[in-house]
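Data first, discussion second: the structure below is written as structure tokens.
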Amino acid sequence: MSANAVPNAPWVSIASSADGSKLVAATSPTYYGNPGQIYTLQTTPTPTLNISRDGNNLVISWIIPSMSFGLQQNPDLNPTKWTNLSVVPVLDPTKLQHRVTIPAPIGTMFYRLKAS
């Protein structure tokens, strides 16, 4: 069923992943004995990196995505030079974010998330 074809029915429940890319909604059973329905929608998340400095370190964080991502770095944006960082993100449940702390690079360094 398309998003434009959802029924005009009483909705009893809705849930979303932290990044908003997974949605679930349920309608109420009708008085005529019809069961309630469950609707789902999933899109590909596009988390945004937040980067701040803490002394000689960088703190990189992103909202908890509904799929797995790995952090990569690249000194010059050459498409063949992206390398995986072997750091394990720390979960910050109060902000619904993953966070890593790494030494600040000397010179230019670019960072991205890549679906894994």
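Points to keep in mind about this one:
- Between D54 and T40, the contour length at 0.36 nm per residue exceeds the alpha carbon distance by 1.0 nm.
- Each residue of the stretch 81-93 was assigned a 3J(HN,Hα) from its phi angle through the Karplus curve 6.51 cos²θ - 1.76 cosθ + 1.60 (θ = phi - 60°); the sequence is 9, 5, 10, 6, 8, 8, 10, 9, x, 9, 7, 10, x Hz, with glycine and proline shown as x.
- Span per principal axis, largest first, for the Cα atoms of the chain (Å): 69, 32, 19
- Relative contact order, percent, the chain [alpha-carbon distance under 8 Å, six or more residues apart]: 22 percent
- Farthest positive-ward along the chain dipole, Cα basis, beta-carbon charges - from Q42, P10, T83: T83
- Relative contact order of the stretch 50-115: 42 percent, from C-alpha pairs under 8 Å at least 6 residues apart in sequence.
- Sequence of I14, I106 once ranked by neighbouring C-beta atoms within 10 Å, starting from the fewest: I106, I14
- Within the shell defined by Cβ-Cβ distances under 15 Å, the residues around S66 carry a net charge of 0, with Lys and Arg each +1 and Asp and Glu each -1.
Laboratory data are not the source of any read-out in this text; all were calculated from the coordinates shown. The structure presented is a predicted model; accordingly, all values stated were derived computationally and were not measured. Counting neighbours? That spans all protein chains shown, and the Cβs are built from the backbone with ideal geometry, glycine included.
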